[in-house]
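This report refers to the structure that appears directly beneath it.
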Amino acid sequence: MRTGRILLLLLLVLLVAFVIASIFILNETQQAIITQFGKPVGQPVTQAGIHFKIPFIQKVLVFDKRILEWDGNPQEIPTKDNKFIYIDTFARWRISDALAFYKSNRSEMVGYSRLDDLLDGAVRDEIANHTLPEIVRSSDRPMIIQEVESADLSSELDSTQVEELDIPGARADIVEAIVKSVRKKLADLNLGIEVVDLQIKRIDYNAEVQKKVFDRMISGQRRIAEKYRAIGQGEKERILGKQAQKKKEILSEAYRKAQEIRGKADAEAVKIYGDAYNRSSDSRDFYKFLRTLETYKTSIDSSTTLILSTDNEFLQYLGTTK
Amino acid sequence: MTAKKVKIGDSEIEVSSSQTFLVIIVALLIVVVVTIAMSFYTIDANENGVILRFGKYHKTTYPGLHLKLPWGIDKLYTVRVDYQWKEEFGFRTARPGVKTIYSKNQYTDESWMLTGDLNIADVQWIVQYKIKDPIKFLFNVREQSGTIRAVAEAAMRFVVGDRSFQEVLQSDRRKIALLAQDYMQQTLDQYDLGVDIQLVQLITVQPPGPVFDSYNEVNRAKQEQETAINEASQVYNKEIFRVEGEAKRIVQEARGYAIDRTNRAKGDAELFTSVYNEYMKAKDVTRQRLYLETMESVMKQVNEKILIDKGVKSLVPFLNLSGKEVAK
């Protein structure tokens, strides 16, 4: 009776072990392949849920079903126009065929190293085949760059002119070409990997070039600053010149008016004198007489020596009363 | 009640059947309590719960109290769907608050980027997103937030790389944010990540540290330009106002002269007329009188007078014309 019980218990344990060994659960993020003595059998299982296998003989290898990350190491690549830049890319990929993936890679880790080789190589090839502006830009839309034009003092103060820079870019095309070439290679190699997307994350100058770029930017700014100052000084001179001109204009106009007024007044005076003195021969004579006498008074003073003859009318009575 | 022997390891313990019963009851009770505890779960206000039954998607549950199958049959994943997730680029918030403190670390790796005219701009920005489909978010992509960050950086650099430094710094800021948002949304939809990019916002866009000063220099130069022009205009206005006054003075003076001149002429004329009228009444006498009066005043003024009789001839040679010097 006791041995019977133990036997029953053993059987139960065996049954449970059998059931556990013959089912496996995949969740929504997983897929799996079944191997029999190390050899894959059947199609990969991609549906989530409970699945069955032959216990103890078949093994389940679980892979990720999701989109997986790949982050490239920044690599220094010379561009076609010989600029050394660091390109940092990332890609997103998935195990599209778990069976093929298992056969060629065994594990995710090996898959990553394959991807490293393929993606880094493809990125390097495409980047080296394009100029830096093509890599950085993505369209041929003209860009607006601000520059201070040479001081043009005749124009108004809006001295900052807009300039357009036209460098066509091809970033999207480059990325597309990389993805295309990687996809082709992946298909040829039948790695069970699908590259969903590749993006250029960062493009950086190497330290030496970066310093040069900063120097260029600084000198550019200094040049612009100097131009602003020069324009300011020039404008100042222009205003001062205008001031001198305006001043002369105003003063000469005033002088002209003043002279006109004076002239009219003088003419008026001449007329008044004329009317008064010129009415008859007597008046003319009297004026001459009066004016002459006046002249004596004003022109003869204490320093004058007068030599008078006694036959002068004024002295006629000095010698005689007649 | 009969005693029972239970063998545990090498030792045997005697337990009464009533004790055995009690142990079984307690064990069962514990199992039931644990099962109930495992079966209930709550979903918070801004969350969704996703239930996988035997690994397979079963249902999505909403805020409130819910039941699930215990013992690992149902697995619960909670996702904060009604929540604005935020990612920062180029800077980090160390402690948000009334006066938010930002990390002093530099993240120039993230924020320095090439512009279309091959300059370098320092762009710091944030991305806000919501999880719009928790199932997609949970099960389609591994490394969700890493993916969002990587795509955000690629998007921003893609958009900034197509614009000149000038455009990035000034005119195109809003456009850049919108385009980067579009780019992100499109790329993440391609991955079927189930997120909705709510906002891309540029926080700081500036020249990078090493060249920052030279840009301030330009601003200073602009100020100097303005100052020079303003000063000159001020001098101009001041001087022109003064000169306009001077011009008025000149004209007024001329007017004064004119009035003076005509008045004097009129006065002189009237004086002459009056005297003339009297003169005409007694012509000879008046003439005589005027002459003599004049001579009188003239003679008074003159110190040296020489009178020569009309009979004297050729006096002139002896006359000391050079004055006092010879007289000494």
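The values are calculated or read from the model by the stated rules, or taken from the named source; none is laboratory data. As the structure is a computational prediction, the values presented were derived from the model and not from experiment. Neighbour counts run over all protein chains shown; Cβ positions are idealised from the backbone, glycine included.
Summary table below
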item: Residue among A:ALA207, A:ALA267 that alone is farther than 29 Å from B:GLU224 by Cβ, out of contact with any Leu (no Cβ under 7 Å at 6 or more places or on another chain) and at pLDDT 90 or above; result: A:ALA267
item: Residue check for B:LEU188: more than 8 Å from every other protein chain (Cβ to nearest Cβ), buried (at least 18 other Cβ atoms within 10 Å of the Cβ), part of a helix (DSSP H, G or I) and at negative phi; result: yes
item: Of the criteria (1) in contact (Cβ under 8 Å) with a residue 24 or more places away in the chain; (2) more than 30 Å from A:ILE174 (Cβ to Cβ); (3) within 12 Å of chain B (Cβ to nearest Cβ), which one A:VAL60 fails; result: (3)
item: Only one of B:VAL205, B:VAL251 that is at the interface with chain A (Cβ under 9 Å from one of its Cβ atoms), surrounded by 13 or more Cβ atoms within 10 Å (Cβ to Cβ) and of a type outside the set (Ser, Thr, Tyr); result: B:VAL251
item: Filter result for B:VAL50 (under 30 Å from A:ILE20 (Cβ atoms) and either touching a residue at least 60 places away in the same chain (Cβ under 8 Å) or not aliphatic (A, V, I, L, M) (or both)); result: yes
item: Test: residue in the stretch A:11-34 that is assigned to a strand (DSSP E or B), away from chain B (no Cβ under 13 Å) and either small (Gly, Ala, Ser) or more than 19 Å from A:PHE63 (Cβ to Cβ) (or both); result: no
item: Residue list for the stretch B:300-318, filter: assigned to a helix (DSSP H, G or I) and at pLDDT 70 or above; result: B:LYS300, B:GLN301
item: Where A:ILE95 falls short, out of the listed (1) under 58 Å from the mean Cα position of the chain (by Cα); (2) farther than 30 Å from A:VAL123 by Cβ; result: (2)
item: Condition broken by A:SER299, with the remaining ones in (1) of a type in the set (Ser, Thr, Tyr); (2) touching a strand residue (DSSP E or B) at 6+ places or on another chain (Cβ under 8 Å); (3) more than 9 Å from chain B (Cβ to nearest Cβ) satisfied; result: (2)
item: Test: residue in the stretch B:218-231 that is under 23 Å from the mean Cα position of the chain (by Cα) and not in a helix (DSSP H, G or I); result: no
item: Residue selected from the stretch A:281-316 under the condition over 18 Å from B:SER297 (Cα atoms) and of a type in the set (Phe, Trp, Tyr), by the criterion farthest from the chain's Cα centre (by Cα); result: A:PHE286
item: Segments classed as strands (runs of 3 or more DSSP E), wholly inside the stretch B:32-130, with at least 1 members that are over 27 Å from B:ARG174 (Cβ atoms); result: B:40-43, B:47-53, B:56-61, B:64-67, B:74-80, B:93-95
item: Boolean, A:ASP275 is surrounded by 12 or more Cβ atoms within 10 Å (Cβ to Cβ), under 30 Å from B:GLU296 (Cα atoms) and within 8 Å of another protein chain (Cβ to nearest Cβ); result: no
item: Residue in the stretch B:67-87 that is free of Cβ contacts under 8 Å to residues at least 40 places away in the same chain, farther than 18 Å from B:ILE203 by Cβ and among the polar types (S, T, N, Q) present; result: yes
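Table: residues versus (1) crowded, with 21+ Cβ neighbours inside 10 Å; (2) within 22 Å of the chain's Cα centre (by Cα); (3) more than 8 Å from chain A (Cβ to nearest Cβ); (4) in contact (Cβ under 8 Å) with a residue 60 or more places away in the chain.
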| site | (1), (2), (3), (4) |
| --- | --- |
| B:LYS99 | no, yes, yes, no |
| B:ILE126 | no, yes, yes, yes |
| B:PRO134 | no, no, yes, yes |
| B:ARG157 | yes, no, no, no |
| B:GLU167 | yes, yes, no, no |
| B:SER171 | no, yes, no, no |
| B:MET184 | yes, no, yes, no |
| B:VAL195 | yes, no, yes, yes |
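For every residue, the table says whether it meets (1) surrounded by fewer than 14 Cβ atoms within 10 Å (Cβ to Cβ); (2) farther than 29 Å from B:VAL235 by Cβ.
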{"site": "A:ASP215", "(1), (2)": "yes, yes"}
{"site": "A:GLN221", "(1), (2)": "no, yes"}
{"site": "A:TYR228", "(1), (2)": "no, no"}
{"site": "A:ILE231", "(1), (2)": "no, no"}
{"site": "A:ILE239", "(1), (2)": "no, no"}
{"site": "A:GLN243", "(1), (2)": "no, no"}
{"site": "A:GLU249", "(1), (2)": "yes, no"}
{"site": "A:ALA258", "(1), (2)": "no, no"}
{"site": "A:GLY263", "(1), (2)": "yes, yes"}
